[in-house]
Amino acid sequence: MQDNDRCLRRLPSQIAGELRPKRPVEAVFLDRDGTLNVERADYVKSIEELVLLPGVLDALARLATFDLPLILITNQSAIGRGIVSHRRVERIHHHLRSLVHAAQGRIDAIYLCPHPPDAGCDCRKPKPGLLQAAANDWQLDLARCAFIGDSMADLGAARTAGCQPILVRTGRQAQQLDELAHRDPTVVLVNDLSAAVDWLEQWMKANSGEIALGAQAHSSSHTAR
């Protein structure tokens, strides 16, 4: 089945099979617009319109040191609306990855939905199709993955897939997310990607003891036999 038939476009990972961490987090998913770059009401249609948010390159460089797959998950309905072509979006993403790589970071794969909201596809966030496809390709347990995004759609996709959502205030839905976080204390909402990396690092450290204890218990049970 072709990528277009599956509603997905992805760039092949250069490290597939090499990153198999025994950690509480197996991969980090990242939204694009509003999380990595300035979100435009008229869509990012060219390399020139891709403006990275302050601190994003440094934050991605820090994420790269975690030795986890870093996977971009993005709705790009401008393709389905006929505003920009698949090829143009691929060039934009190639430019994005070049900027990130030059700053010692990486994006290992990109999954996108090209459809408009009324298409009824399974890949457009808040549906979890892109996350599920990435989990299948990378052999990931979604319950051990985090998703950093800036919108209600990102939150919905993460929760439906079973990921840990981490939301940032750098997108156009900041006020809506603030109101939600006020009502729901389980929502993790931070200022920007750098703060999200801080939160993720602390969460990994807090849960690493549980992983170690679980491994020790498993080993003990085999010894007892």
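The values are calculated or read from the model by the stated rules, or taken from the named source; none is laboratory data. Model, not experiment: these values are computed from the prediction. Neighbour counts are summed over all protein chains in view; Cβ atoms, including those assigned to glycine, are modelled from backbone coordinates with ideal geometry.
Tally time: how many residues in the range 39-71 are among the basic types (Lys, Arg) and under 14 Å from Ala195 (Cα atoms)?
In the first step, residues of the range 39-71 are kept if they are among the basic types (Lys, Arg); the result is 40, 45, 62.
From what's left, under 14 Å from Ala195 (Cα atoms): 62.
Residues in the range 39-71 being among the basic types (Lys, Arg) and under 14 Å from Ala195 (Cα atoms): 1 in total.
Quick check on Asp137: is it in contact with a strand residue (DSSP E or B) (Cβ under 6 Å, 6 or more places away or on another chain) and surrounded by 15 or more Cβ atoms within 10 Å (Cβ to Cβ)?
Judged against the criteria, Asp137 is not a match.
Mind listing whichever residues of the range 129-165 are among the aliphatic types (A, V, I, L, M) and farther than 15 Å from Pro24 by Cα? Break it down stepwise before answering.
Within the range 129-165, the first condition is being among the aliphatic types (A, V, I, L, M), and the residues that meet it are 130-131, 133-135, 140, 142-143, 146, 148, 152-153, 155, 157-158, 161.
Those that are among the aliphatic types (A, V, I, L, M) and farther than 15 Å from Pro24 by Cα: Leu130, Leu131, Ala133, Ala134, Ala135, Ile148, Met152, Ala153, Leu155, Ala157, Ala158, Ala161.
Anything in the range 153-191 that is touching a Lys or Arg at 6+ places or on another chain (Cβ under 7 Å) and touching a residue at least 60 places away in the same chain (Cβ under 8 Å)? List them, or say none.
Ala153, Asp154, Ala157
Quick check on my filter: what residues within the range 63-85 are of a type outside the set (A, V, I, L, M) and either surrounded by 15 or more Cβ atoms within 10 Å (Cβ to Cβ) or touching a Lys or Arg at 6+ places or on another chain (Cβ under 7 Å) (or both)? Full working, then the answer.
Kept after step one, since they are of a type outside the set (A, V, I, L, M), are these residues of the range 63-85: 65-67, 69, 74-77, 80-82, 85.
Result: Phe66, Pro69, Thr74, Asn75, Gln76, Ser77, Gly80.
Table: residues versus (1) free of Cβ contacts under 8 Å to residues at least 12 places away in the same chain; (2) farther than 22 Å from Pro126 by Cα; (3) surrounded by 20 or more Cβ atoms within 10 Å (Cβ to Cβ); (4) among the charged types (D, E, K, R).
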{"site": "Arg32", "(1), (2), (3), (4)": "no, no, yes, yes"}
{"site": "Pro54", "(1), (2), (3), (4)": "no, yes, no, no"}
{"site": "Ala61", "(1), (2), (3), (4)": "no, yes, no, no"}
{"site": "Glu90", "(1), (2), (3), (4)": "no, yes, no, yes"}
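One residue is enough: does the range 69-82 have a residue meeting the conditions outside any strand (DSSP E or B) and without any contact (Cβ under 8 Å) to a residue 24 or more places away in the chain? Lay out the reasoning, then the answer.
Going through the range 69-82, the residues outside any strand (DSSP E or B) turn out to be 69, 76-82.
With without any contact (Cβ under 8 Å) to a residue 24 or more places away in the chain added as a condition, the list becomes 82.
Yes, the range 69-82 contains at least one residue that is outside any strand (DSSP E or B) and without any contact (Cβ under 8 Å) to a residue 24 or more places away in the chain.
Give Arg20, Arg10 a once-over and let me know the one that is in a loop (DSSP other than H, G, I, E, B), at pLDDT below 95 and surrounded by fewer than 16 Cβ atoms within 10 Å (Cβ to Cβ).
Details: Arg10 fails: surrounded by fewer than 16 Cβ atoms within 10 Å (Cβ to Cβ).
Only one candidate qualifies: Arg20.
Please count how many residues of the range 34-48 are assigned to a helix (DSSP H, G or I) and free of Cβ contacts under 8 Å to residues at least 24 places away in the same chain. Lay out the reasoning, then the answer.
Let us first name the residues in the range 34-48 that are assigned to a helix (DSSP H, G or I), namely 47-48.
So of that shortlist, the ones also free of Cβ contacts under 8 Å to residues at least 24 places away in the same chain come out as 48.
Number of matching residues: 1.
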